[in-house]
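J.: Handing you this structure, nothing more for now.
The values are calculated or read from the model by the stated rules, or taken from the named source; none is laboratory data. None of the values given here were measured: they were computed from a predicted structure. Neighbour counts run over all protein chains shown; Cβ positions are idealised from the backbone, glycine included.
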Amino acid sequence: MSSITVCAMTEPAAQRIDEIFSEHYQLVYRTACAITRNSDDAEDVLQEVFVRLLAKGVPRNFKSSKAFFYTAAVRASLNVLRTRRRYVLTDDADIFETPQHPDTPDVDDAIRAKLSQAIGNLSPRTVEILMLRYAEDLTEPQIAKLLGRSRGTVAVTLFRGLARLRELLR
């Protein structure tokens with residue numbers, strides 16, 4: 001990454017990008033993995049988040065907060081889920097020629113697919129808060145502090161988000 005960016009920007013700017021990447025890449029990747037359930041998609045999300053940051057340029061007063069990168073990872077991951085819904089990816093051409101038997105599906109894959117589809121129908125803010133609570137195991141006050149929202153907003157979003165997920169999974 002730095003060999004490409006050094007050509008296009010000054011050494012201090014390239015070093016700053018490297019520092020920001022080193023500080024936040026694990027958070028972005030882990031968040032994307034939790035949402036997309038796919039390491040390849042998570043790597044694509046990781047790349048997309050940092051390429052967008054590079055494309056816009058990093059302002060001198062940019063404060064690289066966890067909330068910024070977490071939100072960016074959630075939104076990019078949701079875009080991946082929405083795109084995935086439109087396409088059937090397979091390396092098995094026989095799937096199109098042989099009928100599928102409903103009595104032999106892989107239950108775990110079916111549940112994961114249904115959950116991913118349901119998550120893709122939620123708002124980015126709701127997914128962000130649900131992931132912080134259930135994937136990152138943060139408490140409501142911790143989420144509120146991290147995102148700069150009130151604890152009540154977080155609690156209501158969690159409640160409504162879980163209700164909506166239940167509804168979508170039925």
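J.: If the Cβ limit is 9 Å and pairs must be 6+ apart or interchain, which residue in segment 153-166 that is among the charged types (D, E, K, R) pairs with which residue that is crowded, with 18+ Cβ neighbours inside 10 Å and part of a helix (DSSP H, G or I)?
T.: Within 9 Å, the pairs are Arg160/Thr126; Arg164/Thr126.
One line per residue, one yes/no per condition, for (1) in a helix (DSSP H, G or I); (2) under 19 Å from the mean Cα position of the chain (by Cα):
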position: Gln117; (1), (2): yes, yes
position: Leu132; (1), (2): yes, yes
position: Glu136; (1), (2): no, yes
position: Leu146; (1), (2): yes, yes
position: Arg149; (1), (2): no, no
position: Gly152; (1), (2): yes, no
position: Ala155; (1), (2): yes, no
position: Leu158; (1), (2): yes, yes
position: Leu168; (1), (2): yes, no
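J.: For segment 65-94, enumerate the residues that are modelled with pLDDT under 65 and over 15 Å from Arg37 (Cβ atoms).
T.: Arg86, Tyr87, Val88, Thr90, Asp91, Asp92, Ala93, Asp94
J.: Against the condition modelled with pLDDT under 85 and aliphatic (A, V, I, L, M), how does Ile35 come out, does it pass?
T.: Judged against the criteria, Ile35 is not a match.
J.: Also: From Asp44, Asp40, which residue is modelled with pLDDT of 90 or more, within 22 Å of Ala110 (Cβ to Cβ) and surrounded by fewer than 19 Cβ atoms within 10 Å (Cβ to Cβ)?
T.: Working: Asp44 fails: within 22 Å of Ala110 (Cβ to Cβ).
The conditions single out Asp40.
J.: Can you find, within segment 6-21, the residue that is modelled with the highest pLDDT among those that are surrounded by 14 or more Cβ atoms within 10 Å (Cβ to Cβ) and either among the aliphatic types (A, V, I, L, M) or not in a helix (DSSP H, G or I) (or both)?
T.: Ile20
J.: I need the full set of residues from segment 62-79 which are closer than 13 Å to Val28 by Cβ and assigned to a helix (DSSP H, G or I), in order please.
T.: Step one: filter segment 62-79 for residues closer than 13 Å to Val28 by Cβ, giving 64-77.
Across segment 62-79, the qualifying residues are Lys66, Ala67, Phe68, Phe69, Tyr70, Thr71, Ala72, Ala73, Val74, Arg75, Ala76, Ser77.
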